[in-house]
Structure formats: structure tokens, C-alpha cells
Amino acid sequence: MQGVDSENNVKKIPANPLWDTRFKSYAFADGVDDALRREFCNAESLLMQSRIVKNSRSTAAGIFRLHGRDYFIKRSNVKGLFRRLRRIGALSRAKRNALMAEELAKIDVLTPQVYLALDTRPYGLPGCSYLISECFPAPITVV
């Protein structure tokens, strides 16, 4: 699969080979309309079409445009059987990030609104998780 990095160069992104598992759980934010929910459900495809901002062993992240608006997407990878076994019963990174964003918003810390936290469970074991959130416009500065 290919994506486009921040310099608009074609850049290879390793696809999630276990994306097509039927074991997925979706946690949408309140107020996300049905049309967006359907499109967000195909998170792997959105990541492959995004402008890549990070591509490492543990994470692939990018910015994609949908209906004239930019969104941030992040896939947290789980590499290897041992790490999958260790994560049994634990919150995924995406769900943990969504909960943390909620808590920070309660104390008026500006955080991107999280629209979707998606977990995959290939073969019943924890797999990659996806987070789709609001994309702040660049440049981001501290006041």
C-alpha cells in the first residue's frame, strides 16, 4: 500500500494484514452522524489514503480529508504474539487515548475531539487499534 508523506512524496505504509478480521469494536463520540460513522468504519482504507505524518514500527499516522474537513488518524500496531498475549484484558491505546482526551477536556485542556476509537481482535487476540480525531490546523503554537 502507498500513502503520501508530508512532502507529498509517495511513501510505502505497511498495511495491516489482519484488518479483515470480523472481530472489531467501535466506540464513536456522541453526535457523529451516520454517514461519517459508515466512512470511519473503514479506518485502514482512510489511513492508506492519508497524508502520512508518522510511520514507525509501532505507529502509522496521517491526515485525511472527508467532506471538506481534515481528520487525524492513528493506527497503533501490536507486533508479535507475546505483545498480543500481554495486552489481553487491557485497554487498547486508542480507547485509552479517547478516555484521556475526555478527562483533559473536563479540566479545560484543549485536546482534539476524538470521533472514533476502533479495536481489532484477529483470532480473538488484541490487534491494531485506530483513533480518528479532529485535526488542528498547522502550525500549532503554544500561547
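Taking into account only those residues within region 109-137 that are over 25 Å from Asn77 (Cβ atoms) and hydrophobic (A, V, I, L, M, F, W, C), which is least open to solvent (accessible area, probe 1.4 Å)?
My answer is Val109.
Tell me, which residue of region 36-71 that is small (Gly, Ala, Ser) and surrounded by 16 or more Cβ atoms within 10 Å (Cβ to Cβ) is farthest from the chain's Cα centre (by Cα)?
Ser50
I need the full set of residues from region 15-45 which are aliphatic (A, V, I, L, M), in a loop (DSSP other than H, G, I, E, B) and out of contact with any strand residue (DSSP E or B) (no Cβ under 7 Å at 6 or more places or on another chain), in order please.
Ala15
Kindly indicate whether any position in region 121-135 is over 23 Å from Arg22 (Cα atoms) and not in a strand (DSSP E or B).
yes
Scan region 90-120 for residues that are free of Cβ contacts under 8 Å to residues at least 60 places away in the same chain, within 23 Å of Ala43 (Cα to Cα) and not in a helix (DSSP H, G or I) and report the count.
5
Considering only region 121-135, how many residues are touching a residue at least 60 places away in the same chain (Cβ under 8 Å), of a type outside the set (Lys, Arg) and farther than 22 Å from Ala35 by Cβ?
5
I'm checking my understanding of the structure. Among residues of region 79-108 that are in contact with a strand residue (DSSP E or B) (Cβ under 8 Å, 6 or more places away or on another chain) and of a type in the set (A, V, I, L, M, F, W, C), which one is surrounded by the most Cβ atoms within 10 Å (Cβ to Cβ)?
Among those that are in contact with a strand residue (DSSP E or B) (Cβ under 8 Å, 6 or more places away or on another chain) and of a type in the set (A, V, I, L, M, F, W, C), it is Ala94.
List the residue pairs whose Cβ atoms are under 7 Å apart, where the first residue sits in region 51-76 and is among the hydroxyl-bearing types (Ser, Thr, Tyr), the second is exposed (fewer than 15 other Cβ atoms within 10 Å of the Cβ), and the two are 6 or more positions apart or on different chains.
Ser76/Ser58; Ser76/Thr59
Each row is one residue, and each column tells you yes or no for (1) modelled with pLDDT of 85 or more; (2) under 14 Å from the mean Cα position of the chain (by Cα); (3) open to solvent by 50 Å² or more (accessible area, probe 1.4 Å).
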residue	(1), (2), (3)
Met1	no, no, yes
Glu7	no, no, yes
Lys24	yes, yes, yes
Phe28	yes, yes, yes
Asp34	yes, no, yes
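The values are calculated or read from the model by the stated rules, or taken from the named source; none is laboratory data. Remember, it's a predicted structure, so these values are computed and weren't measured experimentally. Here the Cβ is made from the backbone with ideal geometry for all residues, glycine too, and neighbour counts use every protein chain on show. Please note that ligands, DNA and RNA were not included when accessible areas were found on the heavy atoms of the full protein model with its side chains. Shrake-Rupley method; radii C 1.70, N 1.55, O 1.52, S 1.80 Å.
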